[in-house]
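*Asks:* Take a look at the following structure, please.
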Amino acid sequence: MPPFTPASGLSPEDELRTQAREGLKARLAANGLYAPEKDYWDRLEFELDIIIRMKFPGYFLIVSDFMKWTRGQGIPVGVRGSGAGSVVAWGLQITALDPLRFGLFFERFLNPERISMPDFDIDFCQDRRGEVIRYVQDRYGKDRVAQIITFGTLQARAALRDVGRVLQMPQGQVDRIAKMIKVKPGQSVKLRDAINEEPRMRQAEQEEEAVRKLFSIAEQLEGLYRHASTHAAGVVIGDRPLDEIVPLYRDPSSDMPVTQFDYEGDEKAGLVKFDFLGLKTLTVIAVTEQLVKQRHDIRVKAEEVPFDDKKSFEALSKGTSTGIFQLESTGMRDLLRKMKPDRVEDLIALVALYRPGPMDNIPKYIACKHGREKPFYLHPALEPILSGTFGVMTYQEDVMLIARELAGYSLGQADELRRAMGKKIKEQMDA
């Protein structure tokens with residue numbers, strides 16, 4: 001873990017407690033209370049005890065330090081994922097969301113019953129991400145900060161084209177065969193599966209010796225590493241020069257070293273990964289704010305728009321969501337018109353449900369929201385947990401609460417169940 005030396009002269013543990021307590025006090029004064037004030041302070045102390053016991057105060061202080069610097073420079077930044085469940089992170093200005101308002105749990109981020117590294121998923125404005133990385137290099141030492149390598153593997157189409165070129169087959173023939181492989185966005189297709197699904201490929205394999213040889217060799221090469229590149233987000237920071245811990249690689253297009261171990265290898269070597277992802281959406285929002293100021297002399301800050309802004313919901317209810325992250329597909333715009341969202345919780349549920357499987361529950365959610373159906377609960381104990389989503393089990397937090405209420409799990413144990421379900425690990429789910 002890279003060391004964090006507080007300017008105050010306090011130990012990292014005491015510095016964390018001081019900053020988190022002062023930060024929470026400021027947040028509650030600015031944002032108001034969505035739960036009894038005692039609940040916030042109890043949760044803060046609970047989290048602080050776990051963070052210090054697991055020896056992660058330095059990690060939280062490092063992330064807080066570069067997040068405060070980023071915001072101070074006016075660089076748009078946001079945090080995704082389970083880190084939003086931490087009250088300590090909220091107090092340290094890492095996240096900008098009240099976890100108690102949205103029923104988020106710290107155990108999803110850091111589980112005292114399973115030792116694993118904390119990992120904030122942070123998005124920066126695409127155009128200014130480099131500034132943050134340079135700040136971290138200057139703060140901790142250029143020889144102690146590196147990006148992470150990633151390896152491109154030979155997919156079915158690329159394997160066919162590479163092998164076809166080596167076998168000196170006509171480029172047009174190889175290209176025609178490669179294009180027969182139906183590739184869906186975000187999914188990889190095995191060559192043998194593609195051959196089995198496409199009659200023309202099967203026919204070519206049966207009738208032409210050269211194509212048989214092409215398929216045979218390409219199948220053996222499929223999945224092998226083809227080239228090295230740099231991970232889109234991952235950065236490691238060490239407590240000493242990195243070449244004393246891992247081998248390094250020089251990417252020709254970057255002046256920053258890259259670890260020769262991938263993400264998992266770096267973790268095994270003891271290095272801590274930080275996420276610095278460049279997100280185009282944040283850049284678009286920043287440019288929009290600038291243009292509104294220039295052209296209309298109106299100051300708009302996206303982070304300050306209230307969650308109950310009436311005009312926003314009116315626009316979304318008409319399906320006018322082109323360019324809005326996760327809400328702009330044709331199917332999603334159609335659902336917005338049907339749902340007519342009037343609270344931010346509707347949007348959160350819609351984004352969570354809009355994926356294969358859970359999608360089947362969207363009509364039920366909409367029908368219950370508009371009073372055409374009544375919510376159904378398999379057990380009375382589920383009503384307080386699922387009433388906000390009209391009886392539709394929507395979030396991983398729902399799974400955790402249900403495991404606690406019905407099975408008497410601790411939230412740490414419930415997080416293990418959630419993780420097993422998310423990763424579809426059958427043995428763990430059976431247990």
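*Asks:* Using the heavy atoms of the protein chains and a 1.4 angstrom probe, tell me the accessible area per residue for region 1-149 in square angstrom.
*Replies:* Ligands and nucleic acids excluded, the figure is 43 Å² per residue.
*Asks:* I would also like to ask the following. Just from the alpha-carbon atoms, what are the Rg and Dmax of region 67-123 in angstroms?
*Replies:* Just the Cα atoms of region 67-123 yield Rg and Dmax of 11.8, 38 Å.
*Asks:* Which order do Thr150, Thr259, Thr394 take by accessible area at a 1.4 Å probe, largest first?
*Replies:* On the way: Thr150 45, Thr259 0, Thr394 25 Å².
Largest accessible area first, the residues go Thr150, Thr394, Thr259.
*Asks:* Please calculate the 1.4 Å probe accessible area of Ser8, with all protein chains present, and give it to the nearest 10 Å².
*Replies:* Accessible surface of Ser8 is approximately 70 Å².
*Asks:* With the cut-off at 1.5 for a/c, could you classify region 344-431 from its C-alpha gyration tensor as rounded, prolate or oblate?
*Replies:* Details: a/c = 2.28, a/b = 1.56, b/c = 1.46.
Prolate shape, in that a/c is at least 1.5 and a/b is the bigger ratio.
*Asks:* Continuing with this model, one more query. With every protein chain left in place and a probe of 1.4 Å, what is the accessible surface of Glu207, to the nearest 10 Å²?
*Replies:* Glu207 has an accessible surface of roughly 130 Å² with all protein chains in place.
*Asks:* Mind checking the dipole of region 157-315: about its Cα centre, +1 per Lys or Arg Cβ, -1 per Asp or Glu Cβ, Debye to the nearest 20?
*Replies:* In debye, rounded to 20, region 157-315 gives about 700.
*Asks:* Determine by what factor the alpha-carbon radius of gyration of region 84-166 differs from 2.2 N^0.38 Å, reporting the quotient. It would help to have the intermediate numbers written out before the result.
*Replies:* On the way: Rg = 20.1 Å, N = 83, 2.2 N^0.38 = 11.8 Å.
Relative to the 2.2 N^0.38 Å estimate, region 84-166 comes out at 1.70.
*Asks:* Using a Gaussian network model of the chain whose springs link C-alpha atoms within less than 10 Å, name the residue from Asp297, Asp123, Asp65 with the highest mean-square fluctuation.
*Replies:* The residue that fluctuates most here is Asp297.
*Asks:* Could you pull out every one of the lysines with an alpha carbon less than 24 Å from that of Lys374, ignoring same-chain neighbours closer than 8 positions?
*Replies:* Those lysines meeting the cut-off are Lys338, Lys340, Lys364.
*Asks:* Oh, and also: With label points built 7 Å along Cα→Cβ from the Cα atoms of Asp14 and His370, find their separation and express it in nm.
*Replies:* 6.2
*Asks:* Per residue of the chain, what 222 nm ellipticity follows from adding -39500 (n - 2.57) for every DSSP H run with n ≥ 4, rounded to the nearest 500? Write down the numbers at each step before the final one.
*Replies:* Values: 20 runs with 211 residues, N = 431.
Taking each H run of at least 4 residues, the total per residue is -14500 deg cm²/dmol.
*Asks:* Right, next: If you take the charge dipole of the chain about its Cα centre, with +1 on Lys and Arg Cβ and -1 on Asp and Glu Cβ, which of Tyr249, Ile324, Gln137 is farthest toward its positive end?
*Replies:* Final value for the positive-end residue is Ile324.
*Asks:* First measure r as the distance between the Cβ atoms of Arg240 and Gln203, then evaluate 1/(1 + (r/R0)^6) with R0 = 56 Å and state the FRET efficiency to the nearest 0.05. Can you show the working numbers first?
*Replies:* Values: r = 60 Å, r/R0 = 1.08.
The pair Arg240/Gln203 has a calculated efficiency of 0.40.
*Asks:* Quick one: what are the phi-derived ³J(HN,Hα) couplings along region 283-300, Karplus 6.51/-1.76/1.60 with θ = phi - 60°, whole Hz, x for glycine and proline?
*Replies:* Those phi angles translate into 5, 4, 4, 4, 5, 4, 4, 5, 5, 5, 5, 5, 8, 10, 6, 10, 8, 10 Hz.
*Asks:* Before I look further, what does region 204-328 give for accessible area per residue, probe 1.4 Å, in whole square angstrom?
*Replies:* Details: 7950 Å² over 125 residues.
With the other protein chains kept in place, region 204-328 gives 64 Å² per residue.
*Asks:* Rounded, prolate or oblate: pick one for region 33-81, where a ≥ b ≥ c are the square roots of the eigenvalues of its C-alpha gyration tensor, a/c under 1.5 means rounded, and failing that, prolate if a/b is larger than b/c, else oblate. If you can, show how the numbers build up before the last one.
*Replies:* Working: a/c = 2.79, a/b = 1.37, b/c = 2.03.
Note, shape of region 33-81 comes out oblate.
*Asks:* Using the Karplus curve 6.51 cos²θ - 1.76 cosθ + 1.60 with θ = phi - 60°, what ³J(HN,Hα) values do you get for each residue of region 364-374, in whole Hz, with x for Gly and Pro?
*Replies:* 5, 4, 5, 5, 5, 4, 9, x, 7, 9, 9
*Asks:* How much FRET efficiency would the formula 1/(1 + (r/R0)^6) give for Tyr377 and His296, where r is the Cβ-Cβ distance and R0 is 51 Å, rounded to 0.05? Don't skip to the answer; put the middle values down first.
*Replies:* Details: r = 49 Å, r/R0 = 0.96.
Plugging the Cβ-Cβ distance into 1/(1 + (r/R0)^6) gives 0.55.
*Asks:* Additional query: List the trypsin sites (Lys or Arg not before Pro) within region 172-279 that fall in a DSSP loop (any state other than H, G, I, E or B) and whose Cβ has at most 11 other Cβ atoms within 10 Å.
*Replies:* Working: sites: Arg176, Lys179, Lys182, Lys190, Arg192, Arg200, Arg202, Arg212, Lys213, Arg226, Arg250, Lys268, Lys273; in loops: Lys182, Lys190.
Sparse-neighbourhood loop trypsin sites (Lys or Arg not before Pro): Lys182.
*Asks:* Now for a different question. Using only protein heavy atoms and a 1.4 Å probe, report how much of Glu304 is accessible, in Å² to the nearest 10.
*Replies:* Approximately 120 Å² of Glu304 is accessible to the 1.4 Å probe.
*Asks:* Take the Cα pairs of region 218-273, get the Kirkwood Rh, then feed it into Stokes-Einstein at 20 °C and 1.002 mPa s and tell me D in µm²/s.
*Replies:* Numbers: Rh = 12.7 Å.
Estimated diffusion coefficient is 169 µm²/s.
*Asks:* Moving on to the next point. Over all distinct Cα pairs, what is the inverse of the mean 1/r for region 334-381, reported as the Kirkwood hydrodynamic radius in Å? Don't skip to the answer; put the middle values down first.
*Replies:* Values: mean 1/r = 0.0871 Å⁻¹.
About 11.5 Å for region 334-381.
*Asks:* Pick out which of Ile75, Ile385, Ile115 has the largest mean-square fluctuation in a Gaussian network model of the chain, springs linking Cα atoms closer than 10 Å.
*Replies:* For the chain, modelled as a Gaussian network with Cα springs under 10 Å, the answer is Ile115.
*Asks:* Of all accessible surface on the chain at a 1.4 Å probe, what whole percent is carbon and sulfur? It would help to have the intermediate numbers written out before the result.
*Replies:* On the way: 12350 of 23680 Å².
Here carbon and sulfur together make up 52 percent of the probe-accessible area.
*Asks:* Another one. For region 1-90, what class follows from the C-alpha gyration tensor (a ≥ b ≥ c being the square roots of its eigenvalues): rounded when a/c is under 1.5, otherwise prolate if a/b is larger than b/c, else oblate? Could you put the intermediate results ahead of the total?
*Replies:* On the way: a/c = 1.58, a/b = 1.14, b/c = 1.38.
Since a/c reaches 1.5 but b/c is at least a/b, the shape of region 1-90 is classed as oblate.
*Asks:* If you don't mind, there's one more thing I want to ask. For region 148-284, what D do you get in µm² per second when you plug the Kirkwood radius from alpha-carbon pairs into Stokes-Einstein at 20 °C and 1.002 mPa s? All intermediate terms of the calculation are to be shown ahead of the outcome.
*Replies:* On the way: Rh = 17.7 Å.
It comes out at roughly 121 µm²/s.
*Asks:* If you place +1 on the Cβ of every Lys and Arg, -1 on the Cβ of every Asp and Glu, and leave all else neutral, what size is the dipole of region 360-431 about its Cα centre, to the nearest 20 Debye? Walk me through the intermediate numbers first.
*Replies:* Details: 10 positive and 10 negative charges, 50 e Å.
Dipole about the Cα centre, nearest 20: 240 debye.
*Asks:* How large is the Kirkwood hydrodynamic radius of region 32-159, in angstrom, based on all distinct alpha carbon pairs?
*Replies:* Working: mean 1/r = 0.0604 Å⁻¹.
Here the Kirkwood hydrodynamic radius works out to 16.6 Å.
*Asks:* Let me ask you something else. Obtain the radius of gyration and the Kirkwood radius of region 285-405 from its C-alpha atoms and give Rg over Rh.
*Replies:* 1.05
*Asks:* With springs only between Cα atoms under 10 Å, which of Glu209, Glu314, Glu397 fluctuates most in a Gaussian network model of the chain?
*Replies:* Highest fluctuation among the options: Glu209.
*Asks:* Sticking with this structure for a sec: Would you mind checking which residues have amide H under 5 Å from Thr150's amide H? H placed 1.01 Å from N; only 5 or more apart, or other chain.
*Replies:* Result for Thr150 returns Ser229, Thr230, His231.
*Asks:* Let me ask something else. Compute for the chain: radius of gyration divided by Kirkwood radius, i.e. Rg/Rh, restricted to C-alpha atoms, rounded to two decimals.
*Replies:* Working: Rg = 25.4 Å, Rh = 25.3 Å.
A ratio of 1.00.
*Asks:* Express the Stokes-Einstein translational diffusion coefficient of region 239-317 in µm² s⁻¹, to the nearest whole number, given a Kirkwood radius over alpha-carbon pairs, 10 °C and a viscosity of 1.306 mPa s. Walk me through the numbers on the way to the answer.
*Replies:* Working: Rh = 17.1 Å.
Once the numbers are plugged in, D ends up at 93 µm²/s.
*Asks:* Oh, and also: So what's region 212-351 giving for Rg/Rh, alpha carbon basis, Kirkwood Rh from the mean inverse pair distance? Can you show the working numbers first?
*Replies:* On the way: Rg = 23.2 Å, Rh = 20.1 Å.
Expressed as Rg/Rh, it is 1.15.
*Asks:* Now a separate question. Limiting things to C-alpha atoms, what are the Rg and the maximum Cα-Cα separation (Dmax) for region 130-219, in angstroms?
*Replies:* Over region 130-219's Cα set, Rg and Dmax evaluate to 20.3, 64 Å.
The values are calculated or read from the model by the stated rules, or taken from the named source; none is laboratory data. Bear in mind that the values here come from a model prediction, so they are computed numbers and not experimental data. Because the Cβ atoms are built from the backbone with ideal geometry, glycine has one as well, and the counts that use them run over all protein chains shown. Keep in mind that these areas ignore ligands, DNA and RNA; they rest on the heavy atoms of the full protein, side chains included. Shrake-Rupley method; radii C 1.70, N 1.55, O 1.52, S 1.80 Å.
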